[in-house]
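Everything on this sheet refers to the single structure shown next.
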Amino acid sequence: MEEVQSVYCNQHGQQDLKLICSHLLAGRNEPIGFYECEPEDMAWCNECEKALSKTRTDDEQDQWSQDCDYKIVCAVCWGSIKESNQIIKNPMNLTELEQKYTIQYPEVYRQLAENNMLDWGVSGSNWYHDTFPKLKANPPLLLFGYDIEIWNDQELVETSIDEMSDEEDYRNIHPDYQFIPFAQNGAGDLYAFQFDLQNNGEVPVVFIPHDDEEAEILAGNFQDFIFRQLLESVTEIDEDSMFYEEEEENLKQNLFNQLKTHEPYLTAKQIEILNTIYQRDLFEYTYKVPNGSSFETEGLVTFDEVEEIINQQLSFEHLNRRFNYTESPKP
Ligand SMILES: [Zn+2]
Ligand SMILES: [Zn+2]
């Protein structure tokens with residue numbers, strides 16, 4: 001093991017040595033972000049993080065390190081600098097977004113925002129290690145969902161919409177679609193409200209892949225989308241599942257905790273179905289893919305059963321419809 005170097009601090013005496021970018025050391029009135037690297041002995045500000053994301057080559061990385069102009073601090077000073085610079089995002093201003101895009105968010109989504117359910121805590125490379133464990137007892141929206149990351153960042157929503165409507169954008173999304181994204185998956189595909197299909201205040205939810213022109217309508221409204229996610233997330237359970245625990249009992253506890261915080265946003269029937277499924281024991285099953293092949297998996301519900309439940313419970317005219325988003329929505 002590498003020996004931790006120490007430093008003598010005028011305030012705190014002999015302490016472990018840490019490095020921070022010169023911007024963090026200079027300090028501002030406003031938080032400027034705090035990004036740290038494993039094993040947590042270096043940290044840099046938001047501007048340095050942006051610059052880092054643009055580096056490609058080793059030379060560029062070296063140049064980046066020089067630009068950060070690292071300074072030595074003691075571990076105690078590091079802690080207080082971290083505390084005052086972590087950016088806690090302001091909650092999204094939905095009214096502002098509504099005015100900007102002349103839309104009206106579904107009532108369920110508004111309630112979730114008001115009840116702080118869109119907040120997954122401080123993001124960044126240490127999210128899984130630092131923030132996630134604190135969220136497990138009272139999971140925010142779809143924390144244990146089906147490969148989904150909920151957005152709670154107005155800038156992210158606006159940037160994403162700007163990109164989609166940009167003529168230069170590689171996806172070439174037809175301008176007659178009105179997609180307002182609210183989440184993404186690990187691959188960078190988007191989950192969005194599809195406002196051009198709005199009907200009687202119900203706004204369908206659509207999946208927009210980044211590397212395929214075919215979008216898919218997942219639900220007729222946000223409530224149904226949440227239900228679908230909670231169902232689909234237990235079709236295949238393995239170590240990569242967000243709610244995974246060594247002990248099945250603890251794994252179940254995560255799911256029931258989630259159901260509890262999500263109940264106000266689901267129908268009585270949806271709650272009943274999820275409750276019944278979550279009470280099952282984990283079982284193995286074989287899934288036959290439509291193309292003829294099959295694979296073994298383990299879960300609380302099979303893909304076939306989920307399909308059946310979705311068709312029964314979430315039925316609406318556009319359910320599961322796929323369409324090419326580069327082509328006009330008008331027939
Ligand atoms: Zn910096
Ligand atoms: Zn110190």
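Tally up the carbon and sulfur contribution to the accessible surface of the chain as a whole percent, 1.4 Å probe, everything protein left in place. All intermediate terms of the calculation are to be shown ahead of the outcome.
Working: 8100 of 18690 Å².
Result for the chain: 43 percent of the exposed heavy-atom area is carbon or sulfur.
Charges only on Cβ, +1 for Lys and Arg, -1 for Asp and Glu: so what's the dipole of the chain about the Cα centre, in debye to the nearest 20?
1180
Taking only Cα atoms, what is the 0 to 90° angle, nearest 10, from helix 58-68's long axis to the longest principal axis of the chain?
Helix 58-68 sits roughly 60 degrees off the main axis of the chain.
Excluding ligands, DNA and RNA, what is the solvent-accessible area per residue of the stretch 111-172 at a probe of 1.4 Å, expressed in Å²?
Result: 56 Å² of accessible area for each residue.
Ranked highest first by the average count of other Cβ atoms within 10 Å around their residues, in what order do 135-143, 322-330, 226-234 fall?
Peptide ranking by packing, descending: 226-234, 135-143, 322-330.
As a check on your grasp of the helix formula, calculate [θ] at 222 nm for the chain: sum -39500 (n - 2.57) over DSSP H runs of n ≥ 4, divide by the residue count, round to the nearest 500.
When only DSSP H runs of four or more count, the value is -10000 deg cm²/dmol.
For the chain, what is the number of Lys pairs with C-alpha distance below 24 angstrom, counting only pairs 8 or more positions apart or on separate chains?
22
Give, rounded to the nearest 20 debye, the magnitude of the charge dipole that the stretch 234-320 has about its Cα centre when Lys and Arg contribute +1 at Cβ and Asp and Glu contribute -1 at Cβ.
Charge dipole of the stretch 234-320: 520 debye, to the nearest 20.
The values are calculated or read from the model by the stated rules, or taken from the named source; none is laboratory data. Quantities reported herein were computed from a predicted structural model and do not represent experimental measurements. Cβ coordinates were reconstructed from backbone atoms using ideal geometry, including for glycine residues, and neighbour counts include every protein chain displayed. In case anyone asks, the SASA skips ligands and DNA or RNA and just uses the protein heavy atoms, side chains included. Shrake-Rupley method; radii C 1.70, N 1.55, O 1.52, S 1.80 Å.
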